[in-house]
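I have placed the structure first, in the form of structure tokens, so that the comments after it can refer back to it.
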Amino acid sequence: MAGVERWHAHGNVYGIVAGPLTAGAARRLAEDTDGVVEVVTSGDDWADVRIWNPDGSLAELSGNATRIAARWLATRTGAETVTIRVGGRPVVARMLGGDEVEQDIGTVQVGEPEEVDGIPFTPVDVGNPHAVVVGDPDQLPEIGPRLETHRRFPRRTNVQVARIDAPGRVTARVWERGVGETQASGTSAVAVAAATHGEGEVVVSFPGGDLTVRLHDGQATLIGPASRL
């Protein structure tokens, strides 16, 4: 794909391209990725982006995509701290050693537990919608698509099935809205940590690798890698 750089975060692959993009163009560029980051405008230490799902829909937020965008910008300008804005929501990212990036994701809101079609879940808002199910992660292929498109979520939702392994450690699989199962997800890690622990530091293990979440007073910090393919 000419003009598109391919990056990944624990196997969550995104293309990065300068805009403008249409939904049709985003679908074509996404192909075998988990989405496309459209850089609308940028400076030395900031960028405004849009995040496209492979089906041509727009994501309100993505922890992995914004982390990739932050590392992409930092490698170009040498900035140690950058701000990535998605739909007006700023995500401040600090470059750590190696490929690691620490991000201030912002406010996390955990709703009251619910149940639909016999599936208990906790709704979580991380700037985008999530439904966290505590159970066997191997149930994701059956639970994920059912919850994503359930009428309870008129704009669909991201779904996680998580197993609490120990205090501060969770294993999860994620079904991303408009994508299907992915190897890892940043906002999903935040949602899982918030739904299962509420406060403190939580390591969330996805098939693609571990992400660290720190929660304090309803605010989330996310730490994980991003690198160019």
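The values are calculated or read from the model by the stated rules, or taken from the named source; none is laboratory data. No experiment lies behind these values; they were computed from the predicted model shown. For neighbour counting, all protein chains shown are included, and Cβ atoms are generated from backbone atoms with ideal geometry for every residue, glycine included. For accessibility, only protein heavy atoms count, side chains too; no ligands or nucleic acids. Shrake-Rupley method; radii C 1.70, N 1.55, O 1.52, S 1.80 Å.
Whether any residue in region 36-46 is open to solvent by 10 Å² or more (accessible area, probe 1.4 Å), in a loop (DSSP other than H, G, I, E, B) and modelled with pLDDT under 95 is what I want to check. Please lay out each step first, then the result.
Let us first name the residues in region 36-46 that are open to solvent by 10 Å² or more (accessible area, probe 1.4 Å), namely 39-46.
Of the ones still in play, those that are also in a loop (DSSP other than H, G, I, E, B) are 43-45.
Restricting the remaining residues to those that are modelled with pLDDT under 95 gives none.
Looking through region 36-46, none of the residues is open to solvent by 10 Å² or more (accessible area, probe 1.4 Å), in a loop (DSSP other than H, G, I, E, B) and modelled with pLDDT under 95.
List pairs: first in region 160-183 and closer than 14 Å to G209 by Cα, second among the small types (G, A, S) and surrounded by fewer than 18 Cβ atoms within 10 Å (Cβ to Cβ), Cβ under 7 Å, 6+ apart or cross-chain?
Q183/G11
Testing T81 on (1) in contact with a strand residue (DSSP E or B) (Cβ under 6 Å, 6 or more places away or on another chain); (2) open to solvent by less than 50 Å² (accessible area, probe 1.4 Å), one condition comes back false. Which one is that?
Exception for T81: condition (2).
Check region 198-209 and report whether any residue there is modelled with pLDDT of 95 or more, crowded, with 22+ Cβ neighbours inside 10 Å, among the β-branched types (V, I, T) and more than 29 Å from R6 (Cβ to Cβ).
Looking for residues that are modelled with pLDDT of 95 or more, crowded, with 22+ Cβ neighbours inside 10 Å, among the β-branched types (V, I, T) and more than 29 Å from R6 (Cβ to Cβ), one finds at least one in region 198-209, hence yes.
Does D32 count as over 22 Å from N158 (Cβ atoms), without any contact (Cβ under 8 Å) to a residue 60 or more places away in the chain and among the acidic types (D, E)? Lay out the reasoning, then the answer.
On the way: over 22 Å from N158 (Cβ atoms): no; without any contact (Cβ under 8 Å) to a residue 60 or more places away in the chain: yes; among the acidic types (D, E): yes.
No.
Would you confirm, using the coordinates I've provided, whether A59 is at pLDDT 95 or above, small (G, A, S) and either closer than 18 Å to N12 by Cα or open to solvent by less than 10 Å² (accessible area, probe 1.4 Å) (or both)? Talk me through it step by step, then tell me what you get.
On the way: at pLDDT 95 or above: no; small (G, A, S): yes; either closer than 18 Å to N12 by Cα or open to solvent by less than 10 Å² (accessible area, probe 1.4 Å) (or both): yes.
No, not satisfied.
Quick check on region 151-162. Is at least one of its residues within 20 Å of the chain's Cα centre (by Cα), farther than 23 Å from R89 by Cα and surrounded by fewer than 22 Cβ atoms within 10 Å (Cβ to Cβ)?
no
For region 47-56, which positions are within 21 Å of S188 (Cβ to Cβ) and either modelled with pLDDT of 95 or more or open to solvent by 20 Å² or more (accessible area, probe 1.4 Å) (or both)?
Once the filter is applied, which keeps residues that are within 21 Å of S188 (Cβ to Cβ) and either modelled with pLDDT of 95 or more or open to solvent by 20 Å² or more (accessible area, probe 1.4 Å) (or both), region 47-56 yields V49, R50, I51, W52, P54, D55.
Could you list, in sequence order, all residues of region 99-126 that are open to solvent by 30 Å² or more (accessible area, probe 1.4 Å), under 18 Å from G186 (Cα atoms) and either modelled with pLDDT under 95 or in a loop (DSSP other than H, G, I, E, B) (or both)?
Once the filter is applied, which keeps residues that are open to solvent by 30 Å² or more (accessible area, probe 1.4 Å), under 18 Å from G186 (Cα atoms) and either modelled with pLDDT under 95 or in a loop (DSSP other than H, G, I, E, B) (or both), region 99-126 yields only D99.
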